[in-house]
Structure formats: structure tokens, C-alpha cells
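Notes to accompany the following structure.
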Amino acid sequence: MKKLLYKGIEFDDFVDEVKEYGTYYVHMCESCYQKHKKAIGNRIDKGSANGYCSVAGCENEAEHYVDFSPEDISFVLDRYFYIIEQGDNGNKVIHMQGNIYSNDDGSYKHAEWTFLYLGIDEAKYMLDTDTFYEFVNERVNYLDDITEEVATAIVENYFDEDPGKQLDIADITEDTPCGGYWF
Ligand SMILES: [Zn+2]
């Protein structure tokens, strides 16, 4: 997943309307708006939104839209790689591979798991209960500092010169073909 970053505020979902209107937009709740009022300024479109707040870690219902121009914002890289395999019992399993991400200070990291297998239902349950990232991040076996250039190259070639297919864990089913994926 890619996060949108604006003046230190991280948004974990956003809508890209750059082609249509030249902007990205996010949802924001009243309490996040009050907290970031100064930074947001006249980018707010008050009282028009429904859906959930896009601010990372906030689960409130949103009331407002906020528009950003591409030159106002940057993106934080955060991509998880995994392989769908056939488990011993015949069910599909998720074999977690690695995570390439950047931090607010501009540094890039490469994390890897050695033997981290998750059942599909188990992974979905952890995502629903907001425990997934804590669980996998605690089990990282290898962590390295990399440059932006290396991060880009790894992301594009993660599975033997193949970037893998984008697939959210929430969308995996028993019919998902075996192979390399990311979200
Ligand atoms: Zn919020």
C-alpha cells in the first residue's frame, strides 16, 4: 500500500483524480480536522463527505473532503510481498516474503520473513481486528537500510525480475492462483 503524505500527516487511503481534476482527495473526520486545521487551510470541503477518515490509524466516520495538488504532497512507499502456496492440507496459504518501505525522514528499508505462513482466514481476521501489521512486523527476520534507487529496483523485480500482481489480502480466496503478489 502507498500512503499519501502532506505536511507530516499520513493518509492510508486517497483517491487519485489527477487526470480528471488535477487533484488527489481524502476523507477527514471533524476531530482530525480540528487537529490539523492550520495545515489543511482552505483545502477542506466541509460537511460533504461520507465514508471513513483517511488519516492513518483513524477509524472515525468522515464529514469532510480535502483536496491536494500533486505538488503539495509526497508518497510513502510501503509494499508487502507474499506468495500464495498450496498448503499440506490442500488449502491455500499465504507465505509472507518481504516489506519494502520508506520513512518520513526519507530513509528506505528492506524487511524479510524467513518462515512466516498465514492461513487466508487467519490473515483476514487479523486485518479486521487491526492486529495484522503488529503481528507481522514483530516477526521480521532480516532488516536492511537501502537507498531509494535500490528500493525501486527491488519493488520492480521482487519475484525474479517480476513485480508480482497487486492483490489485497482481503481479496484472496481459495481460487486465487498460486504465485507472487503484493499489496
Ligand atoms: Zn480522523
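Values in this text are rule-based calculations from the coordinates and carry no lab data. Here the structure is a predicted model, which is why all the values come from computation and not from measurement. With ideal geometry, Cβ positions are generated from the backbone for all residues, glycine too; neighbour counts draw on all protein chains shown.
Observations on the structure shown:
- Here the relative contact order of the range 1-87, from alpha carbon pairs under 8 Å that lie six or more residues apart, stands at 37 percent.
- Cα-Cα over 24 Å, subset of Lys2/Lys124; Lys19/Lys124; Lys37/Lys124; Lys3/Lys165: Lys19/Lys124; Lys37/Lys124
- Separation of the range 1-72 from the range 137-182 is 27 Å, based on Cα centroids.
- For the range 106-183, applying the loop criterion from DSSP together with a ceiling of 15 other beta carbons within 10 Å to the GluC sites (Glu not before Pro) yields Glu161, Glu174.
- The chain, relative contact order [Cα under 8 Å, separation at least 6], %: 18
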